[in-house]
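Participant: Let me begin by handing over the structure; questions about it come next.
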Amino acid sequence: MKIIYAKHFPPKGYKAITIGPVIIVRKPNHLDTSDYNHERIHWEQYKELLIVFFWVLYILNFIFNMFRYKFNWHTAYKNICFENEAYYNQFDTDYIVNRKHYSWIKYI
């Protein structure tokens, strides 16, 4: 995966975002091993869902969560199934190797 450092993206409050095979990191942040692993998990999710379907499901899950968590943006974001999988497994450096396809479904 390619890592790019940017001054104004992703938005404040977010360290990094994966867009396809590229990780964009907001300066002055740096990725540690768990951050990198988190973003690699997203890349696996992207590939499974052919990128477009990843974003469709990601946005739909976020909208559902906004209603579920009474429009609390942070809680809705943290409970997106794709984020749950990535956060829960970001410290396991072997997770990508052992991960089964569509593992994010367990986090719905």
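Participant: Could you list, in sequence order, all residues of region 62-108 that are open to solvent by less than 50 Å² (accessible area, probe 1.4 Å), over 22 Å from Asp35 (Cβ atoms) and not aliphatic (A, V, I, L, M)?
Facilitator: Scanning region 62-108 gives a single hit, Asn65.
Participant: Which condition breaks for Pro10 when tested against (1) open to solvent by less than 30 Å² (accessible area, probe 1.4 Å); (2) part of a helix (DSSP H, G or I); (3) not polar (S, T, N, Q)?
Facilitator: Going through (1) open to solvent by less than 30 Å² (accessible area, probe 1.4 Å); (2) part of a helix (DSSP H, G or I); (3) not polar (S, T, N, Q) one by one, Pro10 breaks only (2).
Participant: Enumerate the pairs (first residue in region 1-24 and touching a residue at least 40 places away in the same chain (Cβ under 8 Å); second residue anywhere and exposed (fewer than 14 other Cβ atoms within 10 Å of the Cβ)) with beta-carbon separation below 6 Å, excluding pairs fewer than 6 apart on the same chain, so at least 6 apart or on different chains.
Facilitator: Met1/Pro21
Participant: Starting from region 27-52, take each residue that is farther than 19 Å from Asn98 by Cβ and open to solvent by 80 Å² or more (accessible area, probe 1.4 Å) and list its partners that are modelled with pLDDT of 95 or more and not in a helix (DSSP H, G or I), counting only C-beta distances under 9 angstrom and pairs at least six apart or across chains.
Facilitator: Close Cβ pairs satisfying both conditions: Lys27/Tyr5; Lys27/Ala6; Lys27/Lys7; Lys27/His8; Pro28/Tyr5; His30/Tyr5; His30/Lys15.
Participant: Let me ask something else. Would you mind listing the helices (runs of 4 or more DSSP H) fully within region 45-108 where at least 1 residues are closer than 19 Å to Met1 by Cβ and of a type in the set (D, E, K, R)?
Facilitator: Output list reads 81-89.
The values are calculated or read from the model by the stated rules, or taken from the named source; none is laboratory data. All of these numbers come straight from a predicted model, not from anything done at the bench. Note: ideal-geometry Cβ built from the backbone for every residue, glycine included; neighbour counts use all protein chains shown. Remember, those area values only see protein heavy atoms, side chains included, never the ligands or the DNA or RNA. Shrake-Rupley method; radii C 1.70, N 1.55, O 1.52, S 1.80 Å.
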